[in-house]
Amino acid sequence: MEFAILETDGNLSVMKKEHKQTASKVNPASTSAAPAILPTEVISDGKLNRKNIAKLNVKEHWVEEQVHQSGLASVSDVFYAELQKDGTLYIAQK
């Protein structure tokens, strides 16, 4: 096990070590964000985490676009968002 997270709903999320994960095909051209080493927070309680966004080398505009594409009006409508290992953005609405 690489790490585990106890979710607010009581579920336990476990990430396997890289060499134990099942291989999957990823098309790098399908994402405009650089893949993260670990899932990394980019929005918390409706506020951009500019420090993490800069470290991930993604643009704030890209994060905002992803929020809009998910059907939310603005970043302030997001409870939590993180850049996943595959370059996609996980978004949890408030």
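Read the figures in this text as sums done on the coordinates, not as results from a lab. What you are looking at is a predicted structure, and each value in this text was computed from that prediction instead of being measured. Note: ideal-geometry Cβ built from the backbone for every residue, glycine included; neighbour counts use all protein chains shown.
Quick notes on this structure:
- When the Cα positions of 87, 53, 70 are compared along the charge dipole of the stretch 33-94, 53 comes out farthest toward the positive end, with charges on each C-beta of Lys, Arg, Asp and Glu.
- Distance in nm between pseudo-label sites at residue 55 and residue 80 (7 Å out along the Cβ direction from Cα): 1.7 nm
- Within straight-line cross-link reach of residue 94, aspartates and glutamates at Cα separation under 16 Å, skipping those fewer than 8 residues along the same chain: 7, 9, 41, 45, 64, 77, 82
- Gain in span if fully extended, residue 14 to residue 69, counting 0.36 nm per residue against the direct Cα distance: 17.0 nm
- Net lengthening on full extension, residue 62/residue 5 (0.36 nm per residue, minus Cα-Cα): 17.9 nm
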